[in-house]
4 protein chains.
Amino acid sequence: MAEHKATFLPIQVYTDMAIEARDIVRGDAKEEVPGVRVKESKSGGVLVTEVEIYEESAERLMGKPRGHYITLDVPTFQDRDADLKTHLMERLTDQLKELIPQDIHKSVLVVGLGNWNATPDALGPRVVERILVTRHLGAVVSEDIKEKMRPVAAVAPGVLGTTGIETLDIIRGIVREAEPDLVVAIDALAARNLDRLLGSVQIADTGIHPGSGVGNRRQGLTESSVGVPVIAIGVCTVVQSVSIAQEAIRQLANQLADDMAFYDILKQMAPSEQRGLVDEVLGSRFSELMVTPKEIDILIDDMAEVLAESLNRSLQPHLSANEWS
Amino acid sequence: MAEHKATFLPIQVYTDMAIEARDIVRGDAKEEVPGVRVKESKSGGVLVTEVEIYEESAERLMGKPRGHYITLDVPTFQDRDADLKTHLMERLTDQLKELIPQDIHKSVLVVGLGNWNATPDALGPRVVERILVTRHLGAVVSEDIKEKMRPVAAVAPGVLGTTGIETLDIIRGIVREAEPDLVVAIDALAARNLDRLLGSVQIADTGIHPGSGVGNRRQGLTESSVGVPVIAIGVCTVVQSVSIAQEAIRQLANQLADDMAFYDILKQMAPSEQRGLVDEVLGSRFSELMVTPKEIDILIDDMAEVLAESLNRSLQPHLSANEWS
Amino acid sequence: MAEHKATFLPIQVYTDMAIEARDIVRGDAKEEVPGVRVKESKSGGVLVTEVEIYEESAERLMGKPRGHYITLDVPTFQDRDADLKTHLMERLTDQLKELIPQDIHKSVLVVGLGNWNATPDALGPRVVERILVTRHLGAVVSEDIKEKMRPVAAVAPGVLGTTGIETLDIIRGIVREAEPDLVVAIDALAARNLDRLLGSVQIADTGIHPGSGVGNRRQGLTESSVGVPVIAIGVCTVVQSVSIAQEAIRQLANQLADDMAFYDILKQMAPSEQRGLVDEVLGSRFSELMVTPKEIDILIDDMAEVLAESLNRSLQPHLSANEWS
Amino acid sequence: MAEHKATFLPIQVYTDMAIEARDIVRGDAKEEVPGVRVKESKSGGVLVTEVEIYEESAERLMGKPRGHYITLDVPTFQDRDADLKTHLMERLTDQLKELIPQDIHKSVLVVGLGNWNATPDALGPRVVERILVTRHLGAVVSEDIKEKMRPVAAVAPGVLGTTGIETLDIIRGIVREAEPDLVVAIDALAARNLDRLLGSVQIADTGIHPGSGVGNRRQGLTESSVGVPVIAIGVCTVVQSVSIAQEAIRQLANQLADDMAFYDILKQMAPSEQRGLVDEVLGSRFSELMVTPKEIDILIDDMAEVLAESLNRSLQPHLSANEWS
């Protein structure tokens, strides 16, 4: 009775991950979502999935703008294996090198979105503090080193709740003054699938869009809003507690699916009724709660290290490790 | 059909709160649990409930040792209202003054259980850093001040995972050397009810018992294990994610309770089957996850401030605020 | 032989404090520096000195631009007396209320200069995290509260070394987007007099000028550079180690001053020779070192609390304490 | 007139470094201090000096108990060169492997002395949080891994000022319960020579002695006080400000040494008068101040990393890097 599972309770928990949006839209269908291309590869424990949304219709279906979304899944990242960290760092570096212009005269502004003082939202700022910042060194280093060094700046602009200013406005102001050729934005993401908690990195060439992130960053950070291309790197650090409630109900439903009576109750309800039921059950109650792994503080640091090293390597291909550490 | 609610899925999510244990045991019954006395009072937005377990049979039923458990509930603590903080601090001070010997020659060791580096578990250490420590000042202050000052020491012994030593062993070693007359232990608690998250303080004269707390502190910290009386102060800082899943199912069941078919499905199952079902659904999946409010970092600080000030006032009744801040 | 003291070794350790610049320029003279007015008052252990530089010639002599510089000296702040903290907070509030427009429709941007990750330079960011930020609340609060609430934003822009961007450029970009009517900038200052270490607050209506601060913030943050008035609040958190060396020599010289031979040696030297001697002795050796009190981490927090509460009170005269804490 | 230098102002700034004590005692003499053996070697930018005090008379002269003191000097550590960090880590590992029993059945307790909340004193706690703690894993790991793994515990007991209990007492209590075969204690040291600031590590097989450290840890932590051998690892994180003052005067004196008159003034004074003079000049004034590099927060972290990795390698020779990181 597998087909029941797909039809039961199709409400959508919000997700920042394109790969999850695609899984939801696609459901149990065998064909790919129209207007979407997906490519998978696996290396050293890291599953790399590239989702390309290339048609406007797909954009609407998926709720994500056209572009490339690369997901690196490492479901066992929480085990803190040093080899896996290295593999993830290397795969990330590979992917970033394809997106970041190789010409090191192109300057880059790294933006760490999120809130220092809320652990699951602190990923961006913690990456920023590990970035090799060089933009101000032009005047003081030797011509020799200068030739090998890309100008990189890095800021952690805070969040609306602590600054009182829309984060996009702060970034726009800084971009206008610092005039980078590219913005790379780091953010904490919300996922739907518990396995992605601190186990999934998404790189997107579309910037960051409304509704994204853990906190309150409502305006998009995109080429059209700041005037230069924006690469977004996100890590899933929370799952909304409603995801847990929903998954619990889904699993219960699956368990009970063989019992036709239970299935019939639900089948008799119109989809809108089903949605209303679950919203009522789950909605207001859990919206302000977050689900995180117990070891969140340490895992955020681990991940910030991986991201920063990948970025430093991709941004400064001509500098050796000693020069940036 | 209220009676369905009480009988449905009576599995027990673990709770550190005596008041929740009593609510579970009592269910919808109108009489108090035998061997238990409960007294409620309310003042300035703070609901004070005293649960006294006075018979051995009640001890077994409740899963908590005989003694007094005082719960101060402030469900709106997360709104960060300054008046409410003050009220809670004053009520806590009142309660603590009744438990802590008035004779200030009796020395006290305050123990902050938990892990500095894991926010929801950091309450104990954060209280400890705000305690007015005086035990070492005997030799340097004037006779005058010495007369008014209770000797107080304070330690944050860490957790098994970071020290490699059972926390109880560390405390026992310190108690043997420092020889306090009383230990006051601060700990983060797990509750079942989401409303208690950062909104409930429990004071117990029974010490801290196996299974308690957020982390790995398996041995009891009690008069019998350390040789001096132990007062435990706990604040609920996490709810296990299984609580959320369970509540979701319970609410769904209540919603569907009018539909006899659904109810019948469940009723046909034996209680053990019900339990097995829910364990299977919820068990392994969520056990390593925690649910916390978004603002956990700030709220833990707020609560640590309230606890520390209450303790400083109760421990040092003859010193004025200026002398300890 | 007091007159020797004034003439000995008149090299100038850099100071951010106008009051110290005036003391250096004035030396032992009985008249005030021309073009400078000084007014003193004392209340509750706080010495308030207002230095007004009103002539261009004085500007050059003092190395500080024309304007008002109010210094609040509390040499015993390090003793952590709660009453003194309250007194300082109240005096600061009085002074700030005179400088900040009473019209609460005038919006304010609080800027915390300095580096989170270097304790003595972290004052600005630590004040910012305690500021009641309201600029984004206009849409969500009741008309009633809105009428009483000034729009306040707050940012901690980092330092050149960690962002790669001149701090002034970041602030200018933010000011352009957020359009405040006034900027209040908090900074850590370097003083010459060891007694001012964590014991002195300076308020200036002239903004912040090149050479100021502990870190690398070379461009001025002034009305002419950002387009709106800038009030600067600074606290002395470091004394350059060269100050210690110099004071040691000065004291030795004073001790030996009765011995004509020593005095004669120095007197025989031309002032430029004296300066060269001391530069050689002290210069390169100590320039990268800082002198701080042992308890710097705690004292910076104490001071950040005082500054933030004074600012919150001055900025929000119609809100009660509960509403901003 | 080199001989003047040695005789001028022989007051002694306190030092925790045996190598500095020896330099002071030896002065300009060409022979070694009687009862002391010194051996130097250099490798990859790290100067290793072993001072062995082997006679009781030397013990008294040097103010340090008999034993081995190995100093690793890396004066350019503040430049943050990655190669140098690696070299220092490898040299430290070599030295530690000679002192720590190779038999991995011998259990070790690592003690991080010092105060979390005072940066220059936080080295010990910051090393402890990076130590691979294994003592509690015996029951849960495979027999295979258990065979390769030494039982290691780690604690950061705090300081007297924050606990109210003598640190030695806390450690003694923990040692009694945990029963390690060896204690390794990490501490921040005070040096006299500014070049040693964050540029010098001392390993001693004598434990830690009265007067040591930055904070208030007056009792010795030695085999005789805790019952098992104690290896002490210290890093110079502060120089007392009196060192700066003294060095300034010394340099001034050297500059003026050619001028017989100045020299004569000092020569005419009895040594005790000289001492009194300098004490008066420098004493009370600077005693509560510390001199640190501007980048102290980052440098302490760098050093904690080096120490922790050296310790992990020395303590767990049979585990690979992946297993402890």
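The values are calculated or read from the model by the stated rules, or taken from the named source; none is laboratory data. In this text the structure is predicted, and so the values were computed from the model without any measurement. Every residue, glycine among them, receives a Cβ derived from its backbone with ideal geometry; neighbour counts consider all protein chains shown. Ligands, DNA and RNA are excluded from the accessible area calculation, which covers all protein heavy atoms including side chains. Shrake-Rupley method; radii C 1.70, N 1.55, O 1.52, S 1.80 Å.
Values as computed for the structure displayed
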{"quantity": "Residue among B:Asp169, B:Asp103 that alone is in a helix (DSSP H, G or I) and either open to solvent by 10 Å² or more (accessible area, probe 1.4 Å) or away from chain D (no Cβ under 12 Å) (or both)", "calculated": "B:Asp169"}
{"quantity": "Residues being touching a Gly at 6+ places or on another chain (Cβ under 6 Å) and open to solvent by less than 10 Å² (accessible area, probe 1.4 Å) - total across segment A:172-203", "calculated": "5"}
{"quantity": "Odd one out for A:Met89 among (1) open to solvent by 50 Å² or more (accessible area, probe 1.4 Å); (2) within 28 Å of A:Leu319 (Cα to Cα); (3) of a type in the set (A, V, I, L, M, F, W, C)", "calculated": "(1)"}
{"quantity": "Positions within segment B:74-100 being aliphatic (A, V, I, L, M) and not in a loop (DSSP other than H, G, I, E, B), in sequence order", "calculated": "B:Ala82, B:Leu84, B:Leu88, B:Met89, B:Leu92, B:Leu96, B:Leu99"}
{"quantity": "Tally of residues being β-branched (Val, Ile, Thr), at the interface with chain B (Cβ under 7 Å from one of its Cβ atoms), open to solvent by less than 20 Å² (accessible area, probe 1.4 Å) and touching a residue at least 12 places away in the same chain (Cβ under 8 Å) across segment D:149-166", "calculated": "2"}
{"quantity": "Condition check for B:Leu137: of a type outside the set (Phe, Trp, Tyr) and open to solvent by 40 Å² or more (accessible area, probe 1.4 Å)", "calculated": "yes"}
{"quantity": "Condition check for B:Leu132: open to solvent by 10 Å² or more (accessible area, probe 1.4 Å) and part of a strand (DSSP E or B)", "calculated": "no"}
{"quantity": "Selection count, segment D:204-230, where residues are at pLDDT 90 or above and crowded, with 20+ Cβ neighbours inside 10 Å", "calculated": "8"}
{"quantity": "Single unsatisfied condition, C:Pro120 versus (1) free of Cβ contacts under 8 Å to residues at least 24 places away in the same chain; (2) crowded, with 24+ Cβ neighbours inside 10 Å", "calculated": "(1)"}
{"quantity": "Hey, C:Gly67 of a type in the set (Gly, Ala, Ser) and within 19 Å of C:Asn193 (Cβ to Cβ) or not", "calculated": "no"}
{"quantity": "Check on B:Gly114, crowded, with 19+ Cβ neighbours inside 10 Å and on the phi > 0 side of the Ramachandran plot", "calculated": "yes"}
{"quantity": "Residues (more than 7 Å from chain A (Cβ to nearest Cβ) and charged (D, E, K, R)) located in segment C:172-196", "calculated": "C:Glu179, C:Asp181, C:Asp187, C:Arg192, C:Asp195, C:Arg196"}
{"quantity": "Conditions (1) outside any loop (DSSP other than H, G, I, E, B); (2) more than 14 Å from chain B (Cβ to nearest Cβ); (3) open to solvent by 10 Å² or more (accessible area, probe 1.4 Å): number failed by D:Thr71", "calculated": "(3)"}
{"quantity": "Residue tally, condition touching a residue at least 60 places away in the same chain (Cβ under 8 Å) and either facing another protein chain (nearest Cβ under 10 Å) or over 31 Å from the mean Cα position of the chain (by Cα) (or both), over segment A:130-142", "calculated": "3"}
{"quantity": "Total residues in segment D:53-62, condition in a helix (DSSP H, G or I) and open to solvent by less than 40 Å² (accessible area, probe 1.4 Å)", "calculated": "2"}
{"quantity": "Residues (at pLDDT 95 or above and not in a loop (DSSP other than H, G, I, E, B)) located in segment B:136-157", "calculated": "B:Val152, B:Ala153, B:Ala154, B:Val155"}
{"quantity": "Top-ranked residue of segment B:281-325 - restricted to ones that are closer than 30 Å to A:Thr237 by Cβ and hydroxyl-bearing (Ser, Thr, Tyr), ranked as modelled with the lowest pLDDT", "calculated": "B:Ser284"}
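Here is a yes/no grid of residues against (1) touching a residue at least 40 places away in the same chain (Cβ under 8 Å); (2) open to solvent by 50 Å² or more (accessible area, probe 1.4 Å); (3) over 27 Å from D:Thr222 (Cβ atoms); (4) within 15 Å of the chain's Cα centre (by Cα):
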residue	(1), (2), (3), (4)
D:Asp28	no, yes, yes, no
D:Pro34	no, yes, no, no
D:Lys39	no, yes, no, no
D:Lys42	no, yes, yes, no
D:Val46	yes, no, yes, no
D:Val51	no, no, no, yes
D:Lys64	yes, no, no, yes
D:Gln78	yes, yes, yes, no
D:Asp83	no, yes, yes, no
